[in-house]
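Shown next, in structure tokens, is the structure this report addresses.
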Amino acid sequence: MSEKSISQQLMSLESTYLAPNYKPLDVVISRGEGVWVVDADGKKYMDFLAAYSALNQGYMHPRIKKVMLEQLDRVALTSRAFRNDQLPWLAKELCEMAGYEMMLPMNSGAEAVETALKAARKWGEKVKGIPRNKTEIITCEGNFHGRTVTIVSFSSDEDYRDGFGPFTPGFTIIPYGDIDALAKAITPHTAAFLVEPIQGEAGVRIPPEGFLRQAKALCEKHRVLFIADEIQSGLGRTGKLFACDHEGVKADMVTIGKALSGGYYPVSAVLASREILSLFGPGQHGSTYGGNPLAAAVAREALKVIREEKLVERAAELGDYLSSKLATLHSPHVKTIRGRGLWFGIDLHPEAGGARRFAEKLMERGLLVKETHTHTIRLAPPLTITRQELDWAVEQLKAALEG
């Protein structure tokens, strides 16, 4: 019997000691640089997922790494019991870059969404005058905003809800992209509408043209906060700083995370007006690690990389290029291809046998992608990718899907 490879040994340890709450591809990444990773046995792969958009700046971006190491030599954590010399600069730079008055720092994307929900409820009671504990928030079917108990309470995916009840009340779910349904769902108790400008986990679903603009107008008419979850779609992924920018919509609140740290550290934030975020009083919300100096220093440099390396513009240009290349993909398995910027979903016919088997075939060819919702292959390479690297990736997609 042959000896197990290092990757096989590590996967065996995982199956023994790690809770099975993920179903990853059988690749054990050991190193990464740019768009490339190397597994524990030395095999090289191109990552065409970018950690669900957390690696917009690519693996191990040298500028962000340098700043992180420098900050580690000074201080990593102070907690919000004290002040630190990095967070005020991050707040200023992020607000000025995004065009908002205030930010509230957290760690994970789910924490940012929870923060936005709490802010919306607080605003609903204290500013709009909704009776106590009667606030309603509208969300969309197919949404993915995280996996906390409150967030899965308004998920339409039973896999995310199974066994986790009782659920948090106060949420109404409407079909994604249905402006008439949104209009009917708004009541005097509605405080906010929470929406992904493009639904990532659902398969890179883009709403009908004009939906976001019409939804914002409805929210303004009825004094409802428009909350955009830009955790995956923001910070350049779609060829604009925020996906809402494609329709000229400025959300009342925006949640961001993932690429906010360039993949080095969990950093997230909520952006909003002073009227909304100043409703939080001391002790009413927070996090021990949220806004720590290491996170703030890393996020500051991650944002500078996005600006100075023109990653937003790069995503727009290379997204058009990739779109033209994907249009040459002719496979009986492919039902439709859609995308914006460097973010695509390839829907397969049910007869194709599911997207997982193609993700595994692509892994064997050295290209890492991931299936979502059974029949969709999601593509989201780092925004630092080159045309030549995109050409190589498309060759692998053709070989796997056309063969």
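The values are calculated or read from the model by the stated rules, or taken from the named source; none is laboratory data. What you are looking at is a predicted structure, and each value in this text was computed from that prediction instead of being measured. Here the Cβ positions follow ideal geometry from the backbone for every residue, glycine too, while neighbour counts run over all protein chains shown.
Within the group Leu294, Leu383, Leu367, Leu397, which residue is crowded, with 17+ Cβ neighbours inside 10 Å, in contact with a Gly (Cβ under 9 Å, 6 or more places away or on another chain), modelled with pLDDT of 95 or more and not aromatic (Phe, Trp, Tyr)? None of the other options fit; the residue is Leu383. When you scan the stretch 74-99, how many residues do you find that are free of Cβ contacts under 8 Å to residues at least 40 places away in the same chain and outside any loop (DSSP other than H, G, I, E, B)? Residues meeting the conditions: 4. Condition (residue is assigned to a strand (DSSP E or B) and touching a residue at least 12 places away in the same chain (Cβ under 8 Å)) applied to the stretch 356-369: is it met by at least one residue? Scanning the stretch 356-369, I find at least one residue that is assigned to a strand (DSSP E or B) and touching a residue at least 12 places away in the same chain (Cβ under 8 Å), so the answer is yes. Among the residues examined, Val312 does not qualify as within 21 Å of the chain's Cα centre (by Cα) and closer than 22 Å to His145 by Cα. Residue count for the stretch 68-80 satisfying the condition of being modelled with pLDDT under 95 and surrounded by fewer than 16 Cβ atoms within 10 Å (Cβ to Cβ): 1. Residues in the stretch 45-58 that are over 17 Å from Val267 (Cβ atoms), aromatic (Phe, Trp, Tyr) and under 20 Å from the mean Cα position of the chain (by Cα): Phe48 only.
Of the listed requirements (1) part of a loop (DSSP other than H, G, I, E, B); (2) under 16 Å from Pro88 (Cα atoms); (3) among the aliphatic types (A, V, I, L, M), Ala295 misses just one: (1).
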